[in-house]
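Asks: One structure follows; several queries about it will come next.
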Amino acid sequence: MSAAVGGLSVVAVGLLGLRDAARDSTQSAQPAAPLVGATAVEALSIWRTGRSEPNWSVGAFVLALGRLGGHMNRRRDGVPGWLTLWRGLRKLTPMIHVLKKARPTCGIT
């Protein structure tokens, strides 16, 4: 039980850092791949736009992850909170696993 709590705590701290980076105007424009991994950016961009876009910014990644978690992305909603990002990450994780498994069989690099 304590190992699960420890692992999930690391994920939660990562989500808080990602949320804070999206709220900072200078960090929001930076590429998201160094923070979350290229595969996560690719999987989320395929879900959101229908094609792979590896050069997403942190702000675009957080908004799309929030959208996956139920955020409405309306004009005055602001940046998604950590709970919405957590819900989005729970849905994104299986997508990442499927993308990693599909690479050797379908030629995705």
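We did not get these values from a lab; they are worked out from the coordinates using the rules stated. Source: prediction; values computed, not measured. Because the Cβ atoms are built from the backbone with ideal geometry, glycine has one as well, and the counts that use them run over all protein chains shown.
Asks: To the nearest 0.05, what FRET efficiency results for K101 and R23 with a Förster distance of 25 Å applied to their C-beta separation?
Replies: Values: r = 34 Å, r/R0 = 1.36.
With a Förster radius of 25 Å, E is 0.15.
Asks: Then there's this: What distance in nm separates the simple spin-label points at R76 and N55, each placed 7 Å from Cα in the Cβ direction?
Replies: Computed distance between label sites R76 and N55 equals 3.5 nm.
Asks: Something else about it: Per residue of the chain, what 222 nm ellipticity follows from adding -39500 (n - 2.57) for every DSSP H run with n ≥ 4, rounded to the nearest 500? If you can, show how the numbers build up before the last one.
Replies: On the way: 6 runs with 78 residues, N = 109.
The helix contribution divided over the chain gives -22500 deg cm²/dmol.
Asks: Sorted by packing (mean other beta-carbon atoms within 10 Å per residue), highest first, where do 69-77, 41-49 land?
Replies: Going from most to least packed, we get 41-49, 69-77.
Asks: Follow-up question, since we're still on this one. At q = 0.13, 0.16, 0.22 Å⁻¹, what is the log10 ratio I(q)/I(0) for the chain, with the Debye formula run over Cα points and no solvent?
Replies: -0.48, -0.71, -1.23
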